[in-house]
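Here is the structure we will look at, set down as structure tokens.
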Amino acid sequence: MSKQYDVVVIGSGPAGYVAAIRCAQLGFKTACIEKWLNKENKTIYGGTCLNVGCIPSKALLDSSHKYVEAQGHLDVHGIKVGKVSMDVPAMIGRKDKIVGQLTQGIKGLFAANKVDGIGGTGKVSATDKVTVTAHDGTEEVLTAKNIIIAAGSVPIDIPPALVNGETIVDSTGALEFQEVPKRLGVIGAGVIGLELGSVWSRLGSKVTVLEALDDFLPAVDKQISKEAMKILSKQGLDIKMGARVSGSTLSKGAKKTVEVNYTDQDGEQKETFDKLIVAVGRRPFTDNLIDPAIGIELDERGFIKVNESCGTNIPNIYAVGDLVRGPMLAHKGMEEGVMVAERIADKKTQVNYDLVPSVIYTHPEIAWIGKNEEELKAEGVDYNVGVFPFVASGRALAANDSDGMVKLLADAKTDRILGCHVIGASAADLVQQIVIAMEFSASAEDIGLTMFAHPALSEAIHEAALAANGHAIHIGNRKRRK
Ligand code: FAD
Ligand code: NAD
């Protein structure tokens with residue numbers, strides 16, 4: 001007889017492992033199936049985020065940031081260092097160690113919560129069945145009262161620059177370089193392009209980013225994206241907008257390079273790189289995942305169609321994370337995982353899709369929540385703006401890290417906060433304060449009346465909120481309304 005479960009989860013990325021743990025906490029007999037193998041051919045949990053995404057990219061961002069600091073930003077503090085050099089394999093090794101620690105941690109959490117972690121490839125084979133094909137080819141059928149599909153996403157390929165894992169790589173390959181490429185091309189000035197482009201640029205690569213659109217970071221508030229372009233260009237990223245890649249040719253000799261052809265406003269161009277990263281977005285991974293006879297609906301872009309509560313069109317089958325609509329972000333997937341587990345337990349939990357924070361982990365970081373100025377204008381909303389530059393923050397100056405600003409937008413009539421946009425050190429943590437405020441429908445005045453520790457970067461949030469009402473203390477108020 002097949003093993004019986006209350007819940008079977010397919011995929012152990014942030015959406016899947018969180019769903020599985022929460023289901024188990026709620027008393028459901030739960031299994032989580034994962035096909036990923038580590039270098040020792042052992043099942044490894046954590047998905048894209050832990051293995052080749054959020055965590056390893058941040059480890060390399062932090063290492064490369066420290067390198068830049070040691071190289072040229074300590075003098076100002078009076079700290080003299082000798083010649084600074086980078087041991088790339090050691091940096092990659094540290095990253096792998098962190099990944100190992102965290103993925104082992106998921107295994108521990110499964111054990112502690114009594115989730116059955118099962119290695120193999122899962123397929124929804126009936127409305128209440130998941131067939132698991134183990135790595136040795138043997139099959140096992142699990143019976144499930146509820147199925148949660150959390151198979152995630154994979155990088156998008158583009159025909160003019162097909163990934164070969166050597167000279168042309170995707171984000172996963174770009175986390176594994178064993179030496180600093182002299183000339184690095186990046187296709188796509190999105191989140192991955194800017195984060196991984198920054199890593200290798202800091203370590204000495206001459207980085208050229210080719211972006212098809214004319215508009216830089218179109219989802220970001222214009223004032224902030226303009227500032228980001230200025231700062232990142234100054235750091236050495238050569239970001240070419242409106243650059244459409246038409247082809248690439250690998251070199252034939254022993255020295256492996258790739259010549260990329262593209263067109264921009266000046267016509268046809270070509271450039272040779274030692275490595276090329278393709279970072280043009282990700283697609284939902286639904287290959288061979290569901291028996292078509294079950295009739296689970298996908299949308300026109302291949303995402304599994306779900307309702308507000310992540311239910312598919314088949315009762316008791318849910319889908320969460322990157323393979324359903326909404327931003328492809330780990331925290332969005334985790335919250336969906338919790339929501340579905342609690343819905344299965346008959347709770348009324350919801351995800352607030354209006355308040356999903358976004359962060360780009362360049363230095364300075366770029367983070368935002370809610371509406372930006374362009375969106376408010378398009379919607380005809382009357383709003384106040386408060387801006388506070390970090391150059392006026394004592395804490396930022398003390399840290400010698402004063403690039404950027406906080407921008408807060410509030411409704412002109414009700415003063416309710418509508419959005420917050422930060423470019424600056426620790427922007428992710430700063431914006432989170434406004435995410436909480438917005439969850440509680442706070443006004444700019446509420447933030448203005450809140451006491452902030454001094455000196456702290458978060459005082460910039462306080463001042464931006466005061467500025468939105470025309471009475472910032474530590475900066476001139478351009479628009480005094482009260
Ligand atoms: P995934 O993490 O993709 O996990 C899906 C899992 O399902 C995988 O382990 C896969 O092996 C498994 N699977 C698939 N099919 C099957 C099957 N049939 N049977 C068994 N197992 C299966 N997001 C952020 O929020 N912050 C960041 O800083 C961030 N940085 C990123 C950096 C990079 C370089 C990349 C690539 C992504 C980054 N992301 C970041 C995005 C984030 O990684 C994803 O949004 C997140 O991992 C999605 O979670 P998920 O659980 O939906 O899918
Ligand atoms: P993205 O959507 O952020 O950026 C892709 C960029 O490539 C876009 O600017 C797009 O216009 C451009 N592009 C597309 N086709 C192109 C072409 N043929 N030539 C040139 N440019 C082209 O996607 P990504 O950077 O690959 O990241 C994938 C996903 O991973 C994102 O959805 C993101 O949410 C997630 N992610 C998040 C973080 C984070 O939260 N810090 C970090 C990395 C990745």
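A few remarks follow.
- Inter-site label distance for Val84 and Val435 at 7 Å from Cα along Cβ, in nm: 3.0 nm
- A crude spin-label estimate for the pair Asp287 and Ala399, with each label 7 Å from Cα along the Cβ direction, gives 4.2 nm.
- Derived scalar couplings between HN and Hα for the range 409-419 equal 10, 9, 4, 5, 8, 9, 6, 4, 5, 10, x Hz in order, rounded to whole Hz, by the Karplus curve 6.51 cos²θ - 1.76 cosθ + 1.60 (θ = phi - 60°), x for Gly and Pro.
- Net charge of Cβ neighbours under 11 Å - reference Lys305; Lys, Arg +1; Asp, Glu -1: -1
- The convex hull defined by the C-alpha atoms of the range 159-280 has an orientation-averaged projected area of 7.3 nm².
- Peptides 16-22, 349-355, 424-430, 75-81 ordered by packing proxy, namely the average of other Cβ atoms within 10 Å per residue, highest first: 16-22, 424-430, 349-355, 75-81.
- Summing charges over all other residues whose Cβ lies under 10 Å from the Cβ of Cys23, with Lys and Arg as +1 and Asp and Glu as -1, gives 0.
- Neighbour-limited loop hits for GluC sites (Glu not before Pro), the range 29-98 (at most 14 other Cβ within 10 Å; DSSP other than H, G, I, E, B): Glu40
- Cβ-Cβ FRET estimate between Arg416 and Lys252, R0 fixed at 56 Å, reported to 0.05: 0.35
- Sites Ile156 and Asn313, calculated FRET efficiency, Cβ-Cβ separation with R0 22 Å, nearest 0.05: 0.30
- From its DSSP helices (H runs of at least four residues, each -39,500 (n - 2.57)), the chain gives a residue-normalised ellipticity at 222 nm of -9000 deg cm²/dmol.
- For Phe285, the residues 5 or more places off, or on other chains, whose built amide H falls under 5 Å of its own are Gly152, Ser153, Val154.
- Cα Rg, Dmax, the range 335-482, angstrom units: 16.2, 53
- Neighbourhood charge, 14 Å Cβ-Cβ cut-off, centred on Leu61 and excluding it, Lys, Arg +1 and Asp, Glu -1: +1
- Rounded to the nearest 20 debye, dipole of the chain from Cβ charges on Lys, Arg, Asp, Glu: 740 debye
- Rounded to whole Hz, the Karplus (6.51, -1.76, 1.60) HN-Hα couplings of the range 207-213, x for glycine and proline: 9, 10, 10, 9, 10, 5, 6
- Distance between the modelled labels on Leu449 and His471, one decimal in nanometres: 1.1 nm (7 Å Cα→Cβ projection).
- Distance violations [Cα-Cα > 32 Å] among Lys83/Lys407; Lys35/Lys275; Lys39/Lys83; Lys39/Lys222; Lys107/Lys129; Lys66/Lys256: Lys83/Lys407; Lys39/Lys83; Lys39/Lys222
- The range 149-232: chymotrypsin sites (Phe, Trp or Tyr not before Pro) falling in loop per DSSP and having at most 12 other Cβ within 10 Å: none
- Here the extension length gained between Lys206 and Glu297 equals 28.3 nm, from 0.36 nm per residue of separation less the Cα-Cα distance.
- Full extension of the segment from Lys97 to Glu166, taken as 0.36 nm per residue of separation minus the current Cα-Cα distance, would add 22.5 nm.
- Working from the Cα coordinates of the range 340-403, the gyration tensor eigenvalues give, after taking √(5λ), semi-axes of 34, 21, 10 Å in decreasing order.
We did not get these values from a lab; they are worked out from the coordinates using the rules stated. Everything numeric in this text was worked out from a predicted model, so none of it was measured. Every residue, glycine as well, gets a Cβ built from its backbone with ideal geometry; the counts of neighbours run over all protein chains shown.
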